[in-house]
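None of the figures in this text is laboratory data; all of them are computed from the coordinates on show. What you see is a predicted model; the values in this text were computed from it and never measured. Neighbour counts are summed over all protein chains in view; Cβ atoms, including those assigned to glycine, are modelled from backbone coordinates with ideal geometry.
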Amino acid sequence: MPYLSEDHEQFRRTVRDFAEKEIAPHAAQWDREHHFPVDVVQKMGALGLMGLTAPEEYGGAGEDGDFTSLCVAIEELGRVDQSIGITLEAGVGLGISPILSYGTEEQKQHWLPDLVSGRRLAAFGLTEPEVAGSDPTLMQSRARFEGDEIVVDAHKWFTSGANNAAFTTVFAETDPDAESRHRRFSAIIVPTDAEGYRLVRVVPTMGHVGGGHCEIRIDGARVPASNLLGKRGEGFLIAQKRLGPGRIFHCMRWLGQAQRAFDLMCERASTRYAHGSMLSEKGEIQRYVAESAAEIQGHRLMTLDAARRLDAGDDARVEIALIKFHGAEMLHNVIDRAIQVHGALGLTSDTPLERMYREARYGRVYDGPDEVHRMSVARRLLKDPSTAPWA
Ligand SMILES: Cc1cc2nc3c(=O)[nH]c(=O)nc-3n(C[C@H](O)[C@H](O)[C@H](O)COP(=O)(O)OP(=O)(O)OC[C@H]3O[C@@H](n4cnc5c(N)ncnc54)[C@H](O)[C@@H]3O)c2cc1C
């Protein structure tokens, strides 16, 4: 992989080994049974994956870990199972990072050691069924401060992993009179066992992907005011801060999946005989292989470039919006071609491709639908062409 040091390559081999042994043999069954393997998540914690970007004092890797290692780990886990890949992403992106960046020392001491070890997980509640998730300024959940408590009333859905989480970071309007709509919302840590917090259902979806996508209702739950994450009115800032790295993580996971589909496609093309030659010798099939290779490699370079910029302190808005919709399309295309080369077999659950295809579809919606990212790229480039990645 370009840009990676020997240490990162070594680390990649360690994670691949773990993924091949602990995850790959069971992934299809977990998908069929909608099983969330808590024990494997704890093993990931023990291997140090959850704590790759956390300081040692909270059980993290400290100097031994970094953002690139985390990207590599997500790519490798994603290669064998999107669900486990996204669990690592969510563990860090939705649980550990917001607390590290915005939490008080008390919140860090209380939550981080368990999150880093994989003993506990967190969920992130922004999206609501009643209003468009792609415009979160429309959120209707409310919270009010009463003495040293916050009272939360919220209705959320697609709160991924809430059924296995110790808490949900709930985004709710606390300051309706703030001039900017973006300053009206706060982030509040609501333990999933708080009175008034109810898991309504795990929403049935076309793929499994990362435990359950939950609908939750919170009716008058009272939490200590010290559960406010960041400052009042900083909810948007906190949600936004997660999105940059979060989208890079998605793309790394998709790259892992796409490589797997690519390998399966090449393997099948080289072993299936029809009309006088192997499939691999036919121009049409070679086109599938070449186009897939180009899309994977192009996307990898775009993603690594975005990660490098983000790591250097740039907000990389254009680059991150670009990779989000480009990656979802790349993933769909590569899996689709791999299925085509497998013929009827590709549509069965005898290969992982049908599961991969179902799960790939989600990528065009979560963390902002394609249209919103394309709009964001086009608006920025039209307003200021010097923000183009190549400018
Ligand atoms: C698998 C999965 C996991 C998720 N996990 C979480 C989670 O953990 N926490 C959380 O809070 N949310 C989560 N979500 C929710 C996700 O982020 C939202 O679904 C997403 O932001 C879109 O919101 P929406 O579904 O309300 O669609 P809407 O906002 O209602 O949009 C519907 C459609 O309208 C179109 N559209 C919207 N805006 C525009 C525009 N400006 N221009 C053109 N067309 C437009 C698009 O086609 C879009 O798909 C998850 C979603 C999925 C699928």
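Kindly put PHE145, PHE262 in sequence by how many other C-beta atoms sit within 10 Å of each C-beta, fewest to most.
Details: PHE145 14, PHE262 20.
Placing the least packed residue first, the sequence is PHE145, PHE262.
Counting Lys +1, Arg +1, Asp -1, Glu -1, what net charge surrounds LEU112 among other residues with beta carbon under 15 Å of its beta carbon?
Details: positive: LYS108, ARG119, ARG120; negative: GLU56, GLU57, GLU105, GLU106, ASP114.
For residues surrounding LEU112, the net value is -2.
With 18 Å as the limit, write out which pairs from LYS241/LYS324; LYS231/LYS324; LYS21/LYS43 have Cα-Cα distances beyond it, or answer none.
Working: LYS241/LYS324 16 Å; LYS231/LYS324 29 Å; LYS21/LYS43 12 Å.
Flagged as over cut-off: LYS231/LYS324.
Give the angle, between 0 and 90 degrees and rounded to the nearest 10, that separates the Cα long axis of helix 67-80 from the longest principal axis of the Cα atoms of the chain.
Here the helix axis deviates by roughly 60 degrees.
Can you give the local net charge around GLY298? Use residues other than it whose beta-carbon is closer than 14 angstrom to its beta-carbon, Lys and Arg +1, Asp and Glu -1. If you can, show how the numbers build up before the last one.
Working: positive: ARG300; negative: GLU291, GLU295, ASP305, GLU319, GLU329.
Residues close to GLY298 contribute a combined charge of -4.
Between segment 270-306 and segment 217-266, what's the alpha-carbon centroid distance in Å?
Their Cα centres are 32 Å away from one another.
Among rounded, prolate and oblate, which fits segment 124-232 when a ≥ b ≥ c are the square roots of the eigenvalues of its C-alpha gyration tensor, a/c under 1.5 means rounded, and a/b larger than b/c means prolate?
On the way: a/c = 2.18, a/b = 1.35, b/c = 1.61.
Cα axes put segment 124-232 in the oblate bin.
Given labels modelled 7 Å from the Cα in the Cβ direction, how far is it in nm from GLN340 to ARG308?
That separation, rounded to one decimal, is 3.2 nm.
Enter the angle in degrees (range 0 to 90, nearest 10) between the Cα long axis of helix 353-362 and the first principal axis of the Cα atoms of the chain, meaning the one along which they spread out most.
The two axes meet at around 40 degrees.
With +1 on each Lys and Arg Cβ and -1 on each Asp and Glu Cβ, how big is the dipole of the chain about its Cα centre, in debye rounded to the nearest 20? Don't skip to the end; give the middle numbers.
Numbers: 45 positive and 57 negative charges, 180 e Å.
Dipole magnitude for the chain comes out near 860 debye.
Express in nm, to one decimal, how much length is gained between THR271 and LEU199 on full extension, taking 0.36 nm for each residue of separation and deducting their alpha carbon distance.
Full extension of this stretch gives 21.1 nm more.
For every other residue with a beta carbon closer than 12 angstrom to the beta carbon of ALA307, add +1 if it is Lys or Arg and -1 if Asp or Glu, then tell me the sum.
Values: positive: ARG247, ARG300, ARG308, ARG309; negative: ASP66, GLU75, ASP305, ASP311, ASP314, GLU319.
Net local charge, ALA307 excluded: -2.
Using only Cα atoms, tell me the angle between helix 283-311 and the longest principal axis of the chain; keep it within 0 to 90° and round to the nearest 10.
30 degrees
Given a Förster distance of 45 angstrom, what is the FRET efficiency for ASP7 paired with SER134, based on the Cβ-Cβ distance and rounded to 0.05?
Numbers: r = 39 Å, r/R0 = 0.87.
That gives a FRET efficiency of 0.70.
When only Cα pairs under 8 Å and 6 or more residues apart are kept, what is the percent relative contact order across segment 6-120? Before the final figure, lay out each step's value.
On the way: 125 pairs, mean separation 35.9, N = 115.
Answer for segment 6-120 is 31 percent.
Return the FRET efficiency for the residue pair GLU56, HIS35: r is the Cβ-Cβ distance, R0 is 25 Å, and the value is rounded to the nearest 0.05. Each step should come with its number before you reach the end.
Details: r = 33 Å, r/R0 = 1.32.
Result of the calculation: an efficiency of 0.15.
Can you give the FRET efficiency to the nearest 0.05 for SER180 and ARG222, using r as the Cβ-Cβ distance and R₀ = 45 Å? Mind dumping the intermediate values first?
Values: r = 28 Å, r/R0 = 0.62.
So, using R0 = 45 Å, E works out to roughly 0.95.
Using 0.36 nm times the number of residues separating ARG374 and SER101, minus their current alpha carbon distance, what extension gain do you get? Working shown, then result.
Working: separation 273, 0.36 × 273 = 98.28 nm, distance 2.87 nm.
Fully extending the segment from ARG374 to SER101 adds 95.4 nm.
What residues of segment 153-171 lie in the reach of a label at VAL365, counting those whose backbone N is under 17 Å from a point 7 Å from the Cα along Cα→Cβ?
156-162, by backbone N distance to the label point.
Counting helices only, and only those DSSP H runs with n ≥ 4, report the 222 nm mean residue ellipticity of the chain as the sum of -39,500 (n - 2.57) divided by its residues, in deg cm²/dmol to the nearest 500. Kindly include the intermediate steps, with their values, before the conclusion.
Details: 12 runs with 187 residues, N = 391.
Helix contribution divided over all residues of the chain: -16000 deg cm²/dmol.
Percentage of Cα-Cα pair distances in segment 6-120 greater than 16 Å, rounded to whole percent?
Values: 3675 of 6555 pairs.
Result for the distance tail: 56 percent.
May I ask what percent, to the nearest 5, of DSSP beta bridges between residues of segment 124-232 are antiparallel? Write out the running numbers ahead of the final one.
Values: 28 of 31 bridges.
Of those bridges, close to 90 percent are antiparallel.
In what order do ARG287, ARG309 fall by count of nearby beta-carbon atoms within 10 Å, going from fewest to most? Don't skip to the answer; put the middle values down first.
Details: ARG287 11, ARG309 18.
Lowest to highest Cβ neighbour count: ARG287, ARG309.
As a footprinting exposure proxy, order ASP193, ASP263 by other Cβ within 10 Å, with the fewest listed first.
Values: ASP193 8, ASP263 12.
Ordered by Cβ neighbours within 10 Å, fewest first: ASP193, ASP263.
Rounded to whole Å, give me the distance from the Cα center of segment 87-120 to that of segment 363-385.
29 Å
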